[in-house]
Amino acid sequence: MPAADDLPLAGIRVLELTSWMAAPSAGAILADLGADVVKLEPLRGDPMRGMSRQPKREEGEPERDEPFHVDNRGKRSITVAIDQPDGAALVRRLVADRDVFLTNLLPRRQERYGLDPDSLFAVRPQLVHATLSGYGRSGPEAGRPGYDVTAFFGRGGISDSSIEPGGPLPAPRPAQGDHTTGLALVAGILAALRRAERTGEGQAVDASLFGTAVWTMATDYAAAVIDHRNPSKRDRRHLITPLANRFRCADDRWVVVNMPEQHWWPVFCKAVGLESLLDDERLQTTKGRFDNMPELIDTIDAVMATRPLAEWARIFDDVGMIWGPANTLADVVADPQAHAERLFPEITMADGTTFPTVAIPFKIRGAAIGPQGPAPELGAHTAEVLGDAGVTAAELDDLRSRGVIG
């Protein structure tokens, strides 16, 4: 599937030996940017095939495994048993004309199969070798497997920091840490491609779920790394300011407000019909409002519960307040702003049918960045890709008969 010549990564060739969602998401971004991405799968396939929740379908509507397309669109698929010596050797043979090798194999498995950076630099001196892991390549946890719920949300401190006092540990939605770390790895790959071009030397790039979690929490960690203290945990009736909070409306929708208090406190009070609070001696200063926060929030809650979200939206917009609805996913899918920003582009299948998917979160003006095709069927391009690498028809038959390829 040739990439359009005007795409930023047209001509970049990627071999991806990945599974699940984090590392494959990096490959999907590279494919959207125009790279030729070959996804190398075990003979049984990436375990994510068919695993995620599928959409409810109308009778007769084709089944496509739409979640798998998100992280694997625009790629080609080959199947190779890397645990066989000839399989690992075949991967090294494929690396010879690739610019990037992308994997989430643990370092010890990379070394076992001869797919670690130094082994592959011997095959392709200017290769960018990119690894996505749970905990990084060094230290006592380098060999520990991790998913985003364990390494990103749990070990990275995000889950604990999100607990309200006395509340349960929040349950994150799927792949938030995966896709964030995939973006981080892509940034490293792009920088490494530039450095490889300048120096002529191979580059080893590493991104971890654990490290990305720390970066996403950098504002809190900037203080914690100095004083070794945790940020305060507060419920919504004990926050620093009433104007950085969320309120339930009459239609059971929530609205989130976030404004500098000094200027906006009187604007907010007048907008919601609580001018009387401006005359309350206890609430004249930020400290006074903080000292009386539980009672103050109860008062605001009672007023906010008198109107539906749409009415508060008009009122807040009229005075220029900074606010947002706490949308459901279904709300976002129907949001005109989401469609104006093309957050749900279409994937075109081989038969010409289309379906919407999810866009990567950046654009380049003038470049048609987006899905370059559907996710591949398992092993659909094995003969094509290996043939391009010089594997003869007789070799293909032999490898297939011995279970080295699918």
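Just a few scattered comments:
- A Cβ-based charge dipole, computed about the Cα centre of segment 282-328 with Lys and Arg at +1 and Asp and Glu at -1, lands at about 120 debye.
- Charge dipole of segment 9-117 about the Cα centre (unit charges at C-beta), most positive-ward option of TYR113, LEU40, VAL80: TYR113
- Against the main long axis of the alpha-carbon atoms of the chain, helix 85-95 sits at an angle near 70°.
- The chain: relative contact order as a whole-number percent, Cα under 8 Å and 6+ apart: 20
- Sorting SER25, SER19, SER138, SER119 by the number of Cβ atoms found within 10 Å of their own Cβ, with the fewest placed first, yields SER138, SER119, SER19, SER25.
- Proxy reagent accessibility, fewest Cβ within 10 Å first, across ASP388, ASP178, ASP220: ASP388, ASP220, ASP178
- In degrees, nearest ten, helix 176-199 long axis to first principal axis of the chain (Cα): 50
- Computed from the Cα positions only, the extents of segment 217-359 along the three principal axes stand at 70, 44, 24 Å, in decreasing order.
- Choice from GLY157, GLY167, GLY188 showing the highest fluctuation, given a GNM over the chain with Cα pairs closer than 10 Å: GLY167
- Dipole-positive endmost among ILE347, VAL303, ALA175 within the chain (Cβ charges, Cα centre): ALA175
- Neighbour cut-off at most 16 other Cβ (10 Å), DSSP loop, chymotrypsin sites (Phe, Trp or Tyr not before Pro), segment 316-406: PHE362
- Tilt relative to the chain, helix 261-272 - C-alpha long axis, 0 to 90 degrees, to 10: 70
- Placing +1 on the Cβ of every Lys and Arg and -1 on the Cβ of every Asp and Glu, with nothing else charged, gives segment 244-331 a dipole about its Cα centre of roughly 180 debye.
- Hits among lysines - C-alpha to C-alpha of LYS363 under 26 Å, sequence gap 8 or more where chains match: LYS39, LYS75
- Translational D in µm²/s for the chain (Stokes-Einstein at 20 °C, 1.002 mPa s, Kirkwood Rh from C-alpha pairs): 88
Any read-out appearing in this document is the output of simple, stated calculations on the displayed coordinates, not a laboratory observation. Just so you know, these numbers come straight off a predicted model, no measurement behind them. Reconstructed Cβ throughout: ideal geometry from the backbone, glycine too, with neighbour counts over all protein chains shown.
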